[in-house]
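All remarks here apply to the structure that follows.
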Amino acid sequence: MPASGKDRDYQDVVLVAPVTVPYTRYSIRSAHWFVAQALSRLLKESRLMKADIDGMSLGSFMLAPDTAIGLTQHLGITVRWLDYVPLGGASGIVALRRALRAVQAGDAEVVACIGADTNHVDSFRQTLGSFSVFARDAVFPYGSGGPNASFAFLTSYYMRSCGATREDFGKLCVAQRDNALGYPHAMFKKKLTLDEYLGARLIADPIRLFDCVMPCAGAEAFLVMTRQRAEALGLAYATVRSTCERHNAFPEDPIQMRGGWVLDREHLYGAAGVEPSDIDFVQTYDDYPVMSMIQIEDLGFCKKGEGPNFIRRNSFTVDGSFPINTSGGQLSVGQAGCAAGFLGVVESIRQLTDCNLARPVPGARFAIAVGFGMITYDRGLCSGAAVLGRANA
Amino acid sequence: MIPPLVRPKLKNPILRTPLPVLPPWMRSRAALGLTAAAALGQFRLQVCGECDAVQYPPRECCHSCLSDQLRWREQSGSGELISETTVHHSQDLYFSERMPWRLGMVRLDAGPTVVVHLHGGCAPAPARVRVGARLDKSGQGVLVAFPIDEVLNMADDRQLREMTCDPKFRKVLVTDGKTGVGQAVVRNIIAAGADLVWVGYAEPWKTFAGLTELAAQPQVAMLPLDLTDSQSVKTLAAEIGGKVDILINTAELHRAHGIASRSGIEVARAEMDVNYFGLLRLAQEFGPVMRSRGADGQSSATAWVNLLSIYALSNYPRHGTFSASKAAALSLSQCLRAEMRPGAVRVINVFPGPIDDEWNQATPQPKLTPEALAKAVVRALKDGVEDVYPGDVAQEWLLRWQESPKTLERELST
């Protein structure tokens, strides 16, 4: 059922203090360390005291046996609102939605939204083998290729049915790498050429090395508070015009050629009071370039199946047409577990508050940050998005 | 096109034998239903007893109506290959050693989308395929998509051969060549492409019917083996144990009668000595070395076949002590199966009804011919199943036993 579009708006609540705990390929630290670093940076950035934080939303895969509650004692914080959102690529959008409502309702005044994960040398393999019951029963025993194999099916299917070429996906990856060159925290710091992309090592046909994100350790975080509070503190803030969240959309589709955005985009734009053409940049959830293409279609920037033509028409760089993943996206920054679900939100806040670490999108007023994730069997179950705006937009 | 399997070169004894590693074997309890069916050569999925919706992956409730009345039902497996990939990089040691690996995504006509191992004979997606279930090297059930029509060298597909125990180019030990069953097994295993068949025979100073024909076959090597003699088993294992890819234990001692019609325990003990302790002796001597060779190249150690009896499921009082010895062997074979699994060697139990031989002379027809039994053994190896019940009697008893073991017990006692 499509959303009704009659939700309460988010005018009185805002996003502040975008922070990143720099990524490393591997870390000997636990996820707890990255959560603590993120909180510490949030306090520094906002000039708040620990006691001012009375809500926390935490997305992480690697805290076990802890969950968010264990972290309150670990970090020594006393909160009156606590949420745990281990929803991978959707955790940022889901955390944001819930935190906004909590602050609006007065259940908390300042909510720290943190996505943090570590990555030990053997973490990725262990996570894959125990990710979900369905994956353990019906995916992992088949080649154990992980998400690479799952998205190889989708990429191959998409190429066949929509006429996309390797060059089309390559264009996205190359443009994002170009964007990443201006972002100090990106794991990939070298220019990527289309030839390098096309000639890279085969991982799971047609997916090659540069279609894949690099699992790493790191954290992304931001604060949610009332606009009044942010202004009183003199903090730059981004606004939220609308959001959406959908889980297990279109379960009857034989393969995931669309996500829940199709059900929710009308509401998303309607509630935001903007059109797709008003959006100045998009942070797609780019775990694989085919997902960027599907999100571009599902969010109404072009029709289903026209992604390849859309790609040929645009440049996707920060200074070009239709900028996406302005700090490089996961494909160039790295995928730090659940932090990947926060990457687009954090980068969007930076862009919309002129606190850029990456190169700015000139004159940007509106952005969409996308969340997508949780491939428990053959498709990503969660899809979400938020339309964010500049304070005065 | 599937390239035909070629005869492996003689193994260089100096080179290290790769250790067997298994594909991921962890499963939920629900998913073991797929394994249980695959072990019998069947492809079954859960079907909702209330709304008929077919479920996959296996689960605890119907995805459509939430009913918990899910029953494992045989599937035709027909469907559309909607996408495919060839994986070149795996997180798992087993698959890493066997890259590249072809996978498919199939929309079954019955509803669900399934991820499958893709047989090399399948046309590129989109294509019609037939999905079946097989046991992989870990002994767990997995789905495989096959081409609709048989293709050349079907069984030689590199991935499929990981899931079967095909005798082609393998070395086989048949533990007793004296019996009609043993000789039929030797003939059929050679016809299936076995490279070399060692045939055991106790009391080698005696001749027996069929010996000349048996020994005349170029693939056959006759070797003394007496399962009641620990030293004999040990000696043979020391000689050929490290080369046996498939062990087929055809040795059995079968005498009629139950308890009251015979005095003393000598016959029962002799039956146990071959049927139970013989298996135990073999398992202790050949089991560990076979288990260490489960990944020894194209013609690795792959299967251990036990000739049991349908009487192992429920005692047939007219052959009461024999039934008991086979029940003991069945129990032991389950232990053997658990111990061989880490070495990727499959234990196949064969449960024939009465065999048409001298010890069943007084048993009415239908009786299973040694030839039919041998064909069932070869079929089981080629399909890679765990349990096989050849013949009409065995099939019927199995159904009766599955429906109600207690009822079958009463039926057999009249």
Original post:
What are the trypsin sites (Lys or Arg not before Pro) within the range A:35-102 that DSSP puts in a loop, where the Cβ has at most 16 other Cβ atoms within 10 Å?
Top reply: A:Arg47, A:Arg80
Original post:
Roughly how many whole Å is it from the C-alpha centroid of the range A:349-393 to that of the range A:261-314?
Top reply: 12
**OP:** Kindly give Rg over Rh for the range A:269-393, based on alpha-carbon atoms, with the Kirkwood expression for the hydrodynamic radius.
**Re:** 0.94
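In whole percent, what relative contact order does the range B:32-156 give with Cα contacts below 8 Å and a gap of six or more residues?
On the way: 270 pairs, mean separation 30.9, N = 125.
Computed over the range B:32-156, the figure is 25 percent.
Hey, any idea what Rg/Rh is for the range B:120-193, computing Rh the Kirkwood way over Cα pairs? Working shown, then result.
Working: Rg = 15.9 Å, Rh = 14.6 Å.
Ratio of gyration radius to Kirkwood radius: 1.09.
Averaged across the residues of A:149-160, what count of C-beta atoms belonging to other chains lies within 10 Å of each residue's C-beta?
Values: counts 9, 4, 1, 8, 10, 3, 2, 7, 6, 1, 1, 5.
Neighbouring Cβ atoms belonging to other protein chains average 5 per residue here.
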Subject >> Volume in Å³ per residue [convex hull over Cα atoms, computed for the range B:171-412] >> reply: 124
**OP:** Calculate how large, on average over all directions, the projected area of the Cα convex hull of chain B is; give the answer in nm² to one decimal.
**Re:** 21.9
Original post:
What is the distance, in nm, between label points placed 7 Å from the Cα along the Cα-to-Cβ direction at B:Val267 and at A:Ser130?
Top reply: 5.7
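Per-residue counts of other Cβ atoms within 10 Å, averaged by peptide: what ranking do you get for B:328-339, B:12-23, B:112-123, highest first?
Working: B:328-339: 17.4, B:12-23: 12.9, B:112-123: 22.5.
Put in order of decreasing packing, that is B:112-123, B:328-339, B:12-23.
Classify the range B:199-275 as rounded, prolate or oblate, taking a ≥ b ≥ c as the square roots of the eigenvalues of its Cα gyration tensor: rounded when a/c is under 1.5, otherwise prolate if a/b is larger than b/c and oblate if not.
Working: a/c = 2.56, a/b = 1.74, b/c = 1.48.
It comes out prolate by the Cα gyration axes.
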Original post:
If you count, for every residue in B:101-114, the Cβ atoms of partner chains within 10 Å of its Cβ, what is the mean?
Top reply: 4
Original post:
Along the Cα-to-C-beta direction of A:Asn248, a point sits 7 Å from the Cα; which residues of the range A:121-158 have their amide N less than 19 Å from that point?
Top reply: A:131-139
Subject >> Inter-part distance where the range A:43-59 and the range A:12-33 are each reduced to a Cα centre, Å >> reply: 13
**OP:** Find the relative contact order for the range B:171-412 and round it to a whole percent, using C-alpha pairs within less than 8 Å whose residues are 6+ positions apart.
**Re:** 19
Original post:
Just B:Ala301, B:Ala372, B:Ala251 to compare: in a GNM of chain B, with alpha carbon springs under 10 Å, which one fluctuates most?
Top reply: B:Ala372
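Suppose a student asked you for the relative contact order of the range A:189-309, using Cα pairs under 8 Å spaced at least 6 residues apart; what percent would you report? All intermediate terms of the calculation are to be shown ahead of the outcome.
Details: 85 pairs, mean separation 22.1, N = 121.
Worked out over the range A:189-309, it gives 18 percent.
Would you compute, from DSSP H runs of 4+ residues alone, the mean residue ellipticity of chain A at 222 nm, taking -39500 (n - 2.57) per run and dividing by the full residue count, rounded to the nearest 500?
One gets -10500 deg cm²/dmol as the mean residue ellipticity at 222 nm.
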Original post:
Seen from all sides and averaged, what is the projected area of the convex hull of the Cα atoms in the range A:9-146, in nm²?
Top reply: 9.5
Original post:
Shape of the range B:347-414 from its Cα gyration tensor (a ≥ b ≥ c, root eigenvalues): rounded if a/c is under 1.5, otherwise prolate when a/b > b/c, or oblate?
Top reply: oblate
**OP:** DSSP loop (so not H, G, I, E, B), at most 16 other Cβ within 10 Å: list which GluC sites (Glu not before Pro) in the range B:144-246 pass both filters.
**Re:** B:Glu150
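Tell me what chain B gives for mean residue ellipticity at 222 nm when only DSSP H runs of n ≥ 4 count, each as -39,500 (n - 2.57), the sum divided by the residue total, rounded to 500 deg cm²/dmol.
Details: 12 runs with 124 residues, N = 414.
My calculation for chain B gives -9000 deg cm²/dmol from helical runs alone.
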Subject >> At q = 0.23 Å⁻¹, base-10 log of I(q)/I(0) for the range A:225-291 (Debye sum, equal scatterers on each alpha carbon) >> reply: -1.12
Original post:
If you project the alpha carbons of the range A:67-211 onto their three principal axes, what span does each projection cover, largest first, in Å?
Top reply: 52, 42, 33
Subject >> Estimated inter-spin distance, B:Glu339 and B:Leu93, nm [label 7 Å along Cα→Cβ] >> reply: 2.2
Original post:
So how many Lys-Lys pairs in chain B land under 15 Å Cα to Cα, not counting same-chain pairs under 8 apart?
Top reply: 14
Original post:
Over all distinct alpha-carbon pairs, what is the Kirkwood Rh of the protein assembly as shown in angstrom?
Top reply: 29.7
Original post:
Loop-only check: which GluC sites (Glu not before Pro) in the range B:61-97 are DSSP coil with at most 16 other Cβ within 10 angstrom?
Top reply: B:Glu97
**OP:** Between B:Gly242, B:Gly384, B:Gly210, find the one with the highest GNM mean-square fluctuation for chain B; connect C-alpha pairs within less than 10 Å.
**Re:** B:Gly210
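Run through the DSSP bridge list for the protein assembly as shown and note the antiparallel percent, rounded to the nearest 5.
Numbers: 70 of 110 bridges.
Given both bridge residues lie in the protein assembly as shown, the antiparallel proportion sits at roughly 65 percent.
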Subject >> Coordinate range along principal axes, alpha carbons of the range B:32-156, Å, largest first >> reply: 42, 30, 25
Subject >> Whole-angstrom gap from the range B:367-388 to the range B:1-54, using each part's C-alpha centre >> reply: 19
Original post:
For peptide B:140-147, how many partner chain Cβ atoms fall within 10 Å of a residue's Cβ, on average?
Top reply: 1
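Read the figures in this text as sums done on the coordinates, not as results from a lab. Please read these numbers as outputs of a predicted model, since none were measured by experiment. Positions of Cβ are backbone-derived with ideal geometry, glycine not excepted, and every protein chain shown enters the neighbour counts.
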